[in-house]
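> The structure's right below; bear with me while I get my questions together.
The values are calculated or read from the model by the stated rules, or taken from the named source; none is laboratory data. All of these numbers come straight from a predicted model, not from anything done at the bench. Note: ideal-geometry Cβ built from the backbone for every residue, glycine included; neighbour counts use all protein chains shown. For accessibility, only protein heavy atoms count, side chains too; no ligands or nucleic acids. Shrake-Rupley method; radii C 1.70, N 1.55, O 1.52, S 1.80 Å.
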Amino acid sequence: DAGITQSPRYKITETGRQVTLMCHQTWSHSYMFWYRQDLGHGLRLIYYSAAADITDKGEVPDGYVVSRSKTENFPLTLESATRSQTSVYFCASSEATVRMNGYTFGSGTRLTVV
Amino acid sequence: QQPVQSPQAVILREGEDAVINCSSSKALYSVHWYRQKHGEAPVFLMILLKGGEQKGHEKISASFNEKKQQSSLYLTASQLSYSGTYFCGTHENTGGFKTIFGAGTRLFVKA
């Protein structure tokens, strides 16, 4: 199916464990983004990528790692999960002229760290 | 830097109008608007580029005043389906291609 998909939809993990959230898009969009959404904070940018092998930090990158070996995939890894990383995570993608185009968001991953 | 949205929340009766404001302390290249229904992903509504343009989407329109670094979203004759949280996202002139979102405005339309 065309679009942007995130997996898993829900995840419960323990403090200190490593967890990876997956994001896959079928449009060959150049730009991909990871946001976290917490009540009262809106959407905060974690990491973003302009193309394969090009990534950069956003507003709240600490504790997260990303990679982009292929244009269509942009996984987000929590190296050692903490309770403060309990959140809803959204992946998004956009065409090359991102400043003139909106984002398409995935359905989100609800992560709970216990 | 995160743009400031106001109001934080608004309750309307069906058919009433509302305005949601988005203000930045930075010079902006563009402003995006999104709507998010509860439990769903944000959905793109429109983008406004510097130049003071105004755009419309059904009965929802927006304006962008680049000199004031402000944008406003206008919801006219609101419908029940307009309920949700509205986010503005801003691109700074020097900010490359990342969008920074405001904290959101929760809109509830009742019959």
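> From the residues in segment A:65-114 that are closer than 14 Å to A:Ser49 by Cα and among the hydroxyl-bearing types (Ser, Thr, Tyr), which one is most open to solvent (accessible area, probe 1.4 Å)?
So, considering only residues that are closer than 14 Å to A:Ser49 by Cα and among the hydroxyl-bearing types (Ser, Thr, Tyr), the one most open to solvent (accessible area, probe 1.4 Å) is A:Ser69.
> Of the residues that sit in segment B:1-27 and are out of contact with any Ser or Thr (no Cβ under 8 Å at 6 or more places or on another chain) and in a loop (DSSP other than H, G, I, E, B), which one is surrounded by the most Cβ atoms within 10 Å (Cβ to Cβ)?
Checked segment B:1-27; the qualifying residue surrounded by the most Cβ atoms within 10 Å (Cβ to Cβ) is B:Gln2.
> Right, next: Given the options A:Ser84, A:Ser49, A:Ser93, name the one that is free of Cβ contacts under 8 Å to residues at least 40 places away in the same chain, outside any loop (DSSP other than H, G, I, E, B) and under 14 Å from the mean Cα position of the chain (by Cα). Explain how you work it out, then say what you get.
Numbers: A:Ser84 fails: under 14 Å from the mean Cα position of the chain (by Cα); A:Ser93 fails: free of Cβ contacts under 8 Å to residues at least 40 places away in the same chain.
Exactly one of A:Ser84, A:Ser49, A:Ser93 is free of Cβ contacts under 8 Å to residues at least 40 places away in the same chain, outside any loop (DSSP other than H, G, I, E, B) and under 14 Å from the mean Cα position of the chain (by Cα), namely A:Ser49.
> Quick one: A:Ser30 ticks every box in (1) hydroxyl-bearing (Ser, Thr, Tyr); (2) in contact with a helix residue (DSSP H, G or I) (Cβ under 8 Å, 6 or more places away or on another chain); (3) farther than 27 Å from B:Tyr29 by Cα except a single one, so which number is it?
Of (1) hydroxyl-bearing (Ser, Thr, Tyr); (2) in contact with a helix residue (DSSP H, G or I) (Cβ under 8 Å, 6 or more places away or on another chain); (3) farther than 27 Å from B:Tyr29 by Cα, only one is false for A:Ser30: (3).
> Just one of B:Ser71, B:Ser30 is open to solvent by less than 60 Å² (accessible area, probe 1.4 Å), closer than 23 Å to A:Gly106 by Cβ and small (Gly, Ala, Ser); which is it?
Details: B:Ser71 fails: closer than 23 Å to A:Gly106 by Cβ.
The match here is B:Ser30.
> State all residues of segment B:33-43 that are surrounded by fewer than 16 Cβ atoms within 10 Å (Cβ to Cβ) and either assigned to a strand (DSSP E or B) or not small (Gly, Ala, Ser) (or both); if no residue qualifies, say none.
Keep residues of segment B:33-43 that are surrounded by fewer than 16 Cβ atoms within 10 Å (Cβ to Cβ), which gives B:37-40, B:43.
Answer for segment B:33-43, where residues must be surrounded by fewer than 16 Cβ atoms within 10 Å (Cβ to Cβ) and either assigned to a strand (DSSP E or B) or not small (Gly, Ala, Ser) (or both): B:Lys37, B:His38, B:Glu40, B:Val43.
> Within segment B:78-110, how many residues turn out to be within 17 Å of A:Asn101 (Cβ to Cβ) and part of a strand (DSSP E or B)? Before you say what the answer is, go through the steps one by one.
Residues of segment B:78-110 that are within 17 Å of A:Asn101 (Cβ to Cβ), as a first pass: B:87-92, B:95-101.
Among the residues that remain, those that are also part of a strand (DSSP E or B) are: B:87-92, B:100-101.
Selection size over segment B:78-110: 8.
> Can you tell me how many residues in segment A:37-46 are part of a strand (DSSP E or B), open to solvent by 20 Å² or more (accessible area, probe 1.4 Å) and not acidic (Asp, Glu)? Can you show your working first?
From segment A:37-46, those part of a strand (DSSP E or B) are A:37-38, A:42-46; that's our starting set.
Checking the rest, the ones that are also open to solvent by 20 Å² or more (accessible area, probe 1.4 Å) come to A:37-38, A:44.
Imposing the further condition that a residue be not acidic (Asp, Glu) reduces the set to A:37, A:44.
Number satisfying all stated conditions: 2.
> Separate question: Return the total of residues in segment A:31-51 being more than 7 Å from chain B (Cβ to nearest Cβ) and among the small types (Gly, Ala, Ser).
Selection size over segment A:31-51: 2.
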